[in-house]
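Take a look at the structure below.
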Amino acid sequence: TAKRSKDRKIMLFEPAMHKVVERRVALEAALRQAVSRGEFRLHYQPILDVETDRVFAYEALLRWQRPDGIMSARHFIDLAEETGLTNEIGLWVVRTACRWLKTVQAKGQGPQTKVSLNVSAAQIMTIHLPEQIARICREEGLAPEHCIIEVTEQSAMVDPERAALVLQELKRLGFSLALDDFGTGYSSLSWLHKYPFDVLKIDRSLTAEVGQPGGSSKMAAGILHLSQLLGLHVVAEGIERQEQMDALHQLGFRLMQGYHIGRPQPDWPMAVTFPRAEGQTSPA
Ligand code: C2E
Ligand code: MG
Ligand code: MG
Ligand code: MG
């Protein structure tokens, strides 16, 4: 085909390009085996309710443990989508996170705590996704009420009508829905009432300046007020400093997530006080 001959031409004349292709093929092969080899890990980051000092939910963040280090999902999710691996990886994430939350609840961190899962563009287009996630939750003995599904507008935009069907079905089955990374390139307010979201996560690009001298909090405050009118929970992402946390609290934010509150880590001990001081590690 035209594309293939074009690739070949590039490879012939651009040795650097050849290297890129080679590296990609190797990465793809490794990714195919990563699930069966047990190379994936989940790290969990708390979303704190600053009014009650309780963890509202833990967001599960996917990591790939490779021989040369740990890779964040950000660097391989696109490749996983292109190679048709997202469903397999995604279902592994659901099962692992459900199991983990059960142990956390059993350790006494409160039966109300939830787990929040990210789904990719390919997953949100999968008509069977809701029933697959529901089945796993059932098998693991976790009620859907304890599970939040995070989706970005960018992912849902690929096919908004199909995404709407999947989101409505997830909602009908009892899952909570979160719109992630709100405030980045594609966000539009119409999404908030067109889809049955329960939680809005405001991207760190909109919270970064808050609490800084001369920093603007107008966007964050405006989105908060609109969300409250719509009856949504609002999470401020990217909390890195105490002043930022205080200023957001002052504006009326309750739910916060960020390095200052707690970095993503494989496990959380029974009793933790937040925010975790910088560099502090968990007692064993
Ligand atoms: P996200 O869902 O918006 O997750 C938040 C990202 O921000 C995480 O990066 C987290 O480590 C990082 N973060 C948290 N607090 C702070 C902070 O205070 N400052 C800064 N600068 N960053 C902070 P991570 O773990 O590298 O994940 C990147 C993205 O990869 C996620 O963005 C999500 O879109 C995607 N992802 C992660 N896990 C999964 C998964 O299981 N499935 C899918 N499809 N995507 C995933
Ligand atoms: Mg997320
Ligand atoms: Mg986010
Ligand atoms: Mg983000």
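Numbers at a glance
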read-out: Yes/no for MET219 being more than 15 Å from ligand 3 (Cβ to nearest atom), among the hydrophobic types (A, V, I, L, M, F, W, C) and in contact with a helix residue (DSSP H, G or I) (Cβ under 6 Å, 6 or more places away or on another chain); value: yes
read-out: Residue list for segment 64-84, restricted to those being of a type outside the set (A, V, I, L, M, F, W, C) and either within 12 Å of the chain's Cα centre (by Cα) or assigned to a loop (DSSP other than H, G, I, E, B) (or both); value: PRO67, ASP68, SER72, ARG74, THR83, GLY84
read-out: Members of segment 143-157 found to be within 14 Å of ligand 4 (Cβ to nearest atom) and either part of a loop (DSSP other than H, G, I, E, B) or among the hydroxyl-bearing types (Ser, Thr, Tyr) (or both), listed by number; value: THR152, SER155
read-out: Condition check for LEU170: over 20 Å from GLU237 (Cα atoms) and within 16 Å of ligand 2 (Cβ to nearest atom); value: yes
read-out: Residue tally, condition within 14 Å of ligand 3 (Cβ to nearest atom) and either touching a helix residue (DSSP H, G or I) at 6+ places or on another chain (Cβ under 9 Å) or free of Cβ contacts under 8 Å to residues at least 40 places away in the same chain (or both), over segment 45-57; value: 1
read-out: Residue match in segment 40-51 (condition: part of a helix (DSSP H, G or I), away from ligand 4 (no atom under 16 Å from the Cβ) and either at positive phi or surrounded by 13 or more Cβ atoms within 10 Å (Cβ to Cβ) (or both)); value: no
read-out: Those residues of segment 125-157 which are modelled with pLDDT of 95 or more, more than 14 Å from GLY174 (Cβ to Cβ) and under 15 Å from the mean Cα position of the chain (by Cα), in sequence order; value: GLU150, VAL151
read-out: Flag if ALA143 is under 26 Å from LEU229 (Cβ atoms) and of a type outside the set (Asp, Glu); value: no
read-out: Long-range neighbours under 7 Å by Cβ, at least six apart or interchain, first residue closer than 23 Å to ILE47 by Cα and more than 13 Å from ligand 1 (Cβ to nearest atom) within segment 168-196, second assigned to a loop (DSSP other than H, G, I, E, B) and charged (D, E, K, R); value: SER176/ASP198; LEU177/ASP198
read-out: Condition check for ASP246: exposed (fewer than 14 other Cβ atoms within 10 Å of the Cβ) and modelled with pLDDT of 95 or more; value: yes
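Conditions tested, residue by residue: (1) surrounded by fewer than 21 Cβ atoms within 10 Å (Cβ to Cβ); (2) more than 13 Å from ligand 1 (Cβ to nearest atom); (3) over 27 Å from GLN33 (Cβ atoms).
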residue: ARG74; (1), (2), (3): yes, no, no
residue: LEU129; (1), (2), (3): no, no, no
residue: PRO144; (1), (2), (3): yes, yes, yes
residue: MET157; (1), (2), (3): yes, yes, yes
residue: VAL166; (1), (2), (3): no, yes, yes
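The values are calculated or read from the model by the stated rules, or taken from the named source; none is laboratory data. Please read these numbers as outputs of a predicted model, since none were measured by experiment. Heads up, the Cβs are rebuilt from the backbone with ideal geometry, glycines too, and the neighbour counts pull from every protein chain shown.
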